[in-house]
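Student: What follows is a single structure, and I will ask about it in a moment.
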Amino acid sequence: MGAIDLDPASNSRENPNVPAARHYTAQDNGLVQPWVGRVFLNPPFGPGVEQWFSKLYLERSAGRTTEAIVLWKSATETAAWKTLTAISCRVCFPSARIRFVGPQGNDSGPTFSPALFYVGERPERFEKAFSGIGAVWVTP
């Protein structure tokens with residue numbers, strides 16, 4: 001995408017994990033804020049995750065979000081997966097699990113297989129950037 005304008009579900013404004021120009025934390029409630037420009041979304045996982053993907057759909061439809069990359073899991077049986085694949089045009093399945101750094105700097109790995117979704121008008125650029133990480137598929 002070239003740069004990230006917004007992380008709407010950031011861990012921190014002072015020490016964020018994502019190098020975005022703007023960060024919304026839990027206190028800001030990214031679900032009620034506008035998502036302008038290029039977005040990187042790693043939503044809070046759990047029962048309410050689909051509302052983050054619906055919000056992305058609404059922001060993209062309104063023309064505020066120009067591109068987005070979404071980090072989520074390969075949970076193909078869920079309604080959230082169906083919502084996300086309906087708005088994305090590419091998905092990358094990394095060849096290895098992604099490592100995460102916690103608030104205390106501790107390194108941990110997820111118990112699930114990750115997926116990275118692209119929403120936008122430049123899928124070829126996404127494919128080129130992510131093909132070294134894993135298989136990139138056209139979303140159904």
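Student: Does Ala62 satisfy being of a type in the set (A, V, I, L, M) and more than 18 Å from Phe117 (Cα to Cα)?
Tutor: Yes; evaluated as a whole, the condition is true for this residue.
Student: Search region 1-17 for residues being modelled with pLDDT under 90 and not charged (D, E, K, R), and hand back the single one that is nearest to Tyr118 (Cα to Cα).
Tutor: Of everything passing the filter in region 1-17, Asn17 is nearest to Tyr118 (Cα to Cα).
Student: Residue by residue through region 10-29, note down the ones that are buried (at least 21 other Cβ atoms within 10 Å of the Cβ) and touching a residue at least 40 places away in the same chain (Cβ under 8 Å).
Tutor: Within region 10-29, no residue meets the criteria.
Student: Could you please let me know if Val32 is crowded, with 18+ Cβ neighbours inside 10 Å, out of contact with any Asp or Glu (no Cβ under 8 Å at 6 or more places or on another chain) and not aromatic (Phe, Trp, Tyr)? Show your work before the answer.
Tutor: Values: crowded, with 18+ Cβ neighbours inside 10 Å: no; out of contact with any Asp or Glu (no Cβ under 8 Å at 6 or more places or on another chain): yes; not aromatic (Phe, Trp, Tyr): yes.
So Val32 fails the test.
Student: Among the strands (runs of 3 or more DSSP E) contained in region 61-140, which hold 2 or more residues that are modelled with pLDDT of 95 or more and more than 16 Å from the chain's Cα centre (by Cα)? Break it down into steps so the answer makes sense when it comes.
Tutor: Working: elements: 65-73, 90-94, 114-119, 134-138.
Counting at least 2 such residues, we get 134-138.
The values are calculated or read from the model by the stated rules, or taken from the named source; none is laboratory data. Since we're looking at a predicted model, the values are computed, not measured. Glycine gets a Cβ as well: all are built from the backbone with ideal geometry, and neighbour counts include every protein chain shown.
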